[in-house]
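The values are calculated or read from the model by the stated rules, or taken from the named source; none is laboratory data. Because the structure is predicted, anything quoted here is derived from the model rather than measured. We place every Cβ from the backbone using ideal geometry, glycine too, and count neighbours over all the protein chains shown. Side chains included, ligands, DNA and RNA excluded: accessible areas come from the protein's heavy atoms. Shrake-Rupley method; radii C 1.70, N 1.55, O 1.52, S 1.80 Å.
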Amino acid sequence: MRLSQRVLTVPESPIRKLTPLADKAKKTGRRIYHLNIGQPDLPTPEGFLKGVKNFRGEVLSYCPSPGLPELLQVFSDYYRQREIPLAPEELLVTNGGSEALLFSFMAVCDPGDEMLVPEPFYTSYYLIARALGIKLCPVPTFVEDGFHLPAWGEFERRITPRTRALLVTNPGNPTGTVYTREEMNMLGELAKKFNLFLIADEVYREFVYEGEHKSFLEYSTLWDRILLVDSISKRFSACGARIGSLACKNPIIRKQLHKLAETRLAVAMMEQMGAIALAETPSDYFQRANLEYKRRRDITVAGLQSIPGVYCRRPEGAFYILARLPVVDAEDFAAWLLQDFYLDGATVMLAPANGFYLTPGKGKDEVRIAYVLKEEDLVDALAILKEGLRVYNNRSTASSG
Ligand SMILES: Cc1ncc(COP(=O)(O)O)c(C=O)c1O
């Protein structure tokens with residue numbers, strides 16, 4: 001028997017690569033502050049579970065492939081409140097934003113086709129693209145620019161006859177960058193001029209601390225080419241619900257997306273029931289979540305900037321910071337923190353940033369920090385990081401622990 005090259009060439013998720021080391025450290029009784037993973041810690045609104053309990057049937061039947069009509073209506077209302085006109089039939093319920101990404105990539109690219117993506121980018125893009133034989137073409141952005149976009153020419157010179165789409169995350173993961181209107185205008189003009197699809201991943205849409213977030217769907221001139229990826233995972237701190245959505249105003253694309261949705265029959269019913277009930281969440285929920293994350297962001301940025309040799313900018317949204325550390329190999333440092341260093345019985349887990357880059361060698365001295373811990377834990381974690389860096393860089397003269 002022979003496995004496919006397709007599966008063999010998909011790398012393991014770099015975000016989880018250090019997990020065995022963390023598990024080992026936990027077994028020895030050490031506490032680990034997880035700054036490595038974008039799992040929000042705010043409680044999921046209680047409406048979700050109430051919604052699940054609303055189930056009165058006797059059989060857990062298949063739901064319609066595009067999603068339960070009530071949930072499609074809830075999503076449509078949600079967007080309408082944000083002045084994004086999306087009818088229920090212009091939406092699909094998906095198994096998280098992840099499936100919305102999978103369907104989008106499958107719908108617009110054949111094997112060998114290319115998509116441009118600002119780099120660094122969310123690792124799963126590469127894993128999914130690789131599994132589908134799609135080539136991701138990174139467009140470099142830099143920590144000094146707050147990972148804002150380079151000029152038009154940097155995109156244009158990477159466009160080939162195989163380029164099918166621009167893939168963008170706004171607000172960004174791992175960068176936290178929120179694109180300005182000018183940047184969005186530029187991406188829209190590029191998509192139109194070169195007749196590209198625009199896959200807009202807006203799963204962090206509700207977490208913006210500076211300026212305003214604009215959805216690509218607010219640009220009606222782009223409606224025929226946008227696939228909008230969204231999710232309740234981050235929005236409602238409900239990663240385990242696995243409910244996302246894919247919005248598309250172009251009926252020709254939509255017809256094809258529906259065929260893909262039919263291949264997996266349906267999304268789980270109970271989770272859709274829970275997601276429907278989230279519509280009852282008090283209207284100040286996002287405001288409170290934003291205040292909390294903004295406070296954490298400010299603590300984290302101030303903490304990082306006070307560590308000698310660490311460089312980061314203050315990101316405008318999401319809950320991540322990409323920071324440059326005064327080390328040659330951030331992955332080695334992150335592994336060392338888990339294996340060899342602890343302060344008062346605790347250490348921190350970081351996501352080495354090389355996994356967010358495709359360009360060889362890039363991100364080697366950077367880490368992504370997810371500020372999804374409560375304030376006092378963040379303060380402790382940053383103190384451990386500071387001391388860890390000091391000890392790591394003086395290993396010949398100091399000992400850890
Ligand atoms: C940018 C981005 N898009 C999509 C996803 C997928 O989220 P989910 O499948 O949980 O909706 C994530 C998860 O971390 C993400 O960071």
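Overview of values
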{"item": "Exclusive hit being among the small types (Gly, Ala, Ser) and either in contact (Cβ under 8 Å) with a residue 40 or more places away in the chain or closer than 30 Å to Ile37 by Cβ (or both), set Ala191, Ala200", "result": "Ala200"}
{"item": "Residues of the range 203-239 classified as in contact (Cβ under 8 Å) with a residue 60 or more places away in the chain, within 11 Å of the ligand (Cβ to nearest atom) and not in a loop (DSSP other than H, G, I, E, B), total", "result": "6"}
{"item": "Flag if Leu190 is assigned to a helix (DSSP H, G or I), within 17 Å of Leu257 (Cβ to Cβ) and more than 16 Å from the ligand (Cβ to nearest atom)", "result": "no"}
{"item": "Close pairs (8 angstrom Cβ cut-off, 6 or more residues apart or separate chains): crowded, with 20+ Cβ neighbours inside 10 Å in the range 306-322, in a strand (DSSP E or B) and among the acidic types (Asp, Glu) anywhere", "result": "Leu322/Glu366"}
{"item": "Hits in the range 139-162 (condition: within 21 Å of Gly317 (Cα to Cα) and β-branched (Val, Ile, Thr))", "result": "Val139, Thr141, Val143"}
{"item": "Residue match in the range 205-225 (condition: over 29 Å from Cys312 (Cα atoms) and touching a Ser or Thr at 6+ places or on another chain (Cβ under 8 Å))", "result": "no"}
{"item": "Conditions (1) in the same structural domain as Asn95 (by TED's automatic domain parsing); (2) part of a helix (DSSP H, G or I); number of the one not met by Arg295", "result": "(1)"}
{"item": "Out of Asp365, Asp332, Asp380, sole residue that is over 16 Å from Tyr311 (Cα atoms), open to solvent by 20 Å² or more (accessible area, probe 1.4 Å) and in contact (Cβ under 8 Å) with a residue 40 or more places away in the chain", "result": "Asp380"}
{"item": "From Ala247, Ala268, residue being within 16 Å of the ligand (Cβ to nearest atom), open to solvent by 40 Å² or more (accessible area, probe 1.4 Å) and at pLDDT 95 or above", "result": "Ala268"}
{"item": "Entirely in the range 96-180, the helices (runs of 4 or more DSSP H) that have 2 or more residues that are touching a residue at least 24 places away in the same chain (Cβ under 8 Å), within 16 Å of the ligand (Cβ to nearest atom) and buried (at least 21 other Cβ atoms within 10 Å of the Cβ)", "result": "96-108, 123-132"}
{"item": "Some residue of the range 352-362 being modelled with pLDDT under 95, in a helix (DSSP H, G or I) and not hydrophobic (A, V, I, L, M, F, W, C)", "result": "yes"}
